[in-house]
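The values are calculated or read from the model by the stated rules, or taken from the named source; none is laboratory data. None of these values were measured; they are calculated from a predicted model. Reconstructed Cβ throughout: ideal geometry from the backbone, glycine too, with neighbour counts over all protein chains shown. What goes into the accessible areas is simple: the full protein's heavy atoms, side chains included, and nothing from ligands, DNA or RNA. Shrake-Rupley method; radii C 1.70, N 1.55, O 1.52, S 1.80 Å.
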Amino acid sequence: MKKWKWFFLAFLIVGTVIILSESKQSKPEYRKAQGLVFGTSYNVTYLYNADLKPEIEHTLALVDSALSMFNPESTISAVNRSESIQVTDTMFLKVFRRAMEISAMTDGAFDITVAPAVNAWGFGFKHAENVSQATVDSLKEITGYLKIHEQDGLITKDDPRIMLDCSAIAKGFGSDMVAQMLRSKGISDYMVEIGGEIVLSGHNPKGKDWNIGISKPVDDSLSINNELQTVIPITDIAMATSGNYRNFYVKDGRKYAHTIDPHTCMPVSHSLLSATVFAQDCATADALATSMMVMGLDSAQALCARHPEIRAYLIFEGADGTIGTVPSVPF
């Protein structure tokens, strides 16, 4: 009988230890996942009871397989080679269709057919001296969102040389997809950031809104200066920033930004230095931030006026060289 008492007591002790251990392991806590994707970094902070980095990277791999121009096996690469005429990749089609909608909304300031022009100028304008007027004229022939069509997954091009570049929407879409995966787990407190394109929900580890900084637009091609223009406490929204102040070149005393205008196939030159767009999804915010950097200050403000659901924080250079913002204070 005494032996059974000791056995029962040991059983209770072991059971209690197991319960306490499982309770400790399942307690939600803020966790972080970091890594590299799409040629940039990603950072995810979320409140949950388990490590979700494998699921996060699986989600990002799916986006890469749909939209990466640098992945020869991706859907967009096959479309660019005119191999995939009938597309079944739902991620690609979702982004393609949204890109077409935003192109129409911005009168073509956003245009995923700008790839040949971007390639011609080269990253950091390393090919700028080789771009002649004849080159620009030839690029215009194969640039324009109205020259590529999709119906029920069937992709057709007016010219087989037309190529797609989703880099101005893919990071935002990737952030949306990771956020969607987190929500599917019942997670409501998170921040997803891919290359500066962000989705926010719930609260930060301090139980408050997330504090997001917007960089001060200073000439800094090496990205050494991390001074902030402002910090905005915000949540339950997506945001993306595009800027023309880190990557530019000067010709005949005039500064040209890295953003290529799809209408002219030339780098833009105007006073708008940075556009941060707030929207309900990050793909839209990402694409519109790029659009505004093509459009310039006045047209960007006009776009926001036409679409009150879109908010923006615009940083521009005044005629006297001073920095101004719209709105003038954080909102």
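Points to keep in mind about this one:
- Number of positions in the range 203-219 that are open to solvent by less than 60 Å² (accessible area, probe 1.4 Å) and farther than 15 Å from Ile237 by Cβ: 5
- Residues (open to solvent by 50 Å² or more (accessible area, probe 1.4 Å), among the hydrophobic types (A, V, I, L, M, F, W, C) and not in a strand (DSSP E or B)) located in the range 283-331: Ala305, Ala319, Val329, Phe331
- Cβ-Cβ distances below 6 Å connect the following pairs, each with a first residue in the range 62-90 that is part of a loop (DSSP other than H, G, I, E, B), a second residue that is among the small types (Gly, Ala, Ser) and open to solvent by 40 Å² or more (accessible area, probe 1.4 Å), and a separation of six or more residues or different chains: Ser74/Ser65.
- Only one of the numbered conditions (1) over 17 Å from the mean Cα position of the chain (by Cα); (2) within 18 Å of Thr290 (Cα to Cα); (3) surrounded by 16 or more Cβ atoms within 10 Å (Cβ to Cβ) is not met by Gly122, and that is (3).
- Only one of the numbered conditions (1) among the small types (Gly, Ala, Ser); (2) farther than 21 Å from Leu182 by Cα; (3) at pLDDT 65 or above is not met by Ala66, and that is (2).
- Residue identified as farther than 25 Å from Met292 by Cα and among the small types (Gly, Ala, Ser) among Ser74, Ser68: Ser74
- Failed condition for Ser223, given (1) open to solvent by 60 Å² or more (accessible area, probe 1.4 Å); (2) at pLDDT below 95; (3) assigned to a strand (DSSP E or B): (3)
- Meets criteria (surrounded by fewer than 16 Cβ atoms within 10 Å (Cβ to Cβ) and not in a loop (DSSP other than H, G, I, E, B)) for Glu193: no
- Boolean, Ala134 is assigned to a helix (DSSP H, G or I), over 24 Å from Ser299 (Cα atoms) and open to solvent by less than 30 Å² (accessible area, probe 1.4 Å): no
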